[in-house]
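What follows is a short report on a single structure.
No lab work stands behind these numbers, since they all come straight from the coordinates. These numbers come from a predicted model, not from an experiment. Ideal geometry is used to build each Cβ from the backbone, glycine not excepted, and the neighbour counts take in all protein chains shown.
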Amino acid sequence: MIYTIIIRSSFFSKENSISALLFSKALIIKKKHFIKSIFFINDGVLNMSNFMSFTINEFNIKKKWINFSKKNKVRLNVCFSAALRRGIINMKKKNNKKNFIGHLEFFFKISSLEKLSRDIQKSDRVIQF
């Protein structure tokens, strides 16, 4: 089965991001399942901000997602408009060109709702956390 995972809440407000990570790991272990994409939307984009810092003994969800993505070759998408609204990215115009600057971890890819809808179309199941 092909899955698309949607994460809508931040690490600090709910445990949904951790639950999504554990669920995704369980899917990959079975080897019968494939994760098409993982999409961070709404407050879920706050999970990927460079503003987040963790002490040594805290659970670093951002690092866990990066390691999961590298190991399993799963793309981590961040909703453009949600990241823009929450100040994670900023759009500046210079010489009639739009440039994006921001505080998004390098490993995460800026995506649109169009990308999410295409991934959902190609998936057998959509799981939202």
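Some notes on this structure:
- Of all residues in the stretch 1-20 being surrounded by fewer than 22 Cβ atoms within 10 Å (Cβ to Cβ) and either among the β-branched types (Val, Ile, Thr) or in contact (Cβ under 8 Å) with a residue 40 or more places away in the chain (or both), the one that is farthest from LYS62 (Cα to Cα): MET1
- Contact map, the stretch 110-129: first residue more than 16 Å from VAL74 (Cα to Cα) and in contact (Cβ under 8 Å) with a residue 12 or more places away in the chain, second residue among the hydroxyl-bearing types (Ser, Thr, Tyr) and surrounded by fewer than 17 Cβ atoms within 10 Å (Cβ to Cβ), Cβ cut-off under 7 Å, separation 6 or more or different chains; pairs are PHE129/SER19.
- Scanning the stretch 15-36 for residues that are within 15 Å of LEU76 (Cα to Cα) and in contact with a His (Cβ under 9 Å, 6 or more places away or on another chain) yields a total of 0.
- Set side by side, the residues SER24, SER69 differ, and just one is closer than 20 Å to LYS122 by Cα and either surrounded by 20 or more Cβ atoms within 10 Å (Cβ to Cβ) or among the β-branched types (Val, Ile, Thr) (or both), which is SER24.
- Conditions (1) within 21 Å of SER123 (Cα to Cα); (2) surrounded by fewer than 20 Cβ atoms within 10 Å (Cβ to Cβ); (3) among the aromatic types (Phe, Trp, Tyr); number of the one not met by PHE59: (1)
- Looking only at the stretch 22-65, residues that are of a type in the set (A, V, I, L, M, F, W, C), touching a residue at least 24 places away in the same chain (Cβ under 8 Å) and closer than 18 Å to PHE129 by Cα come to 14 in all.
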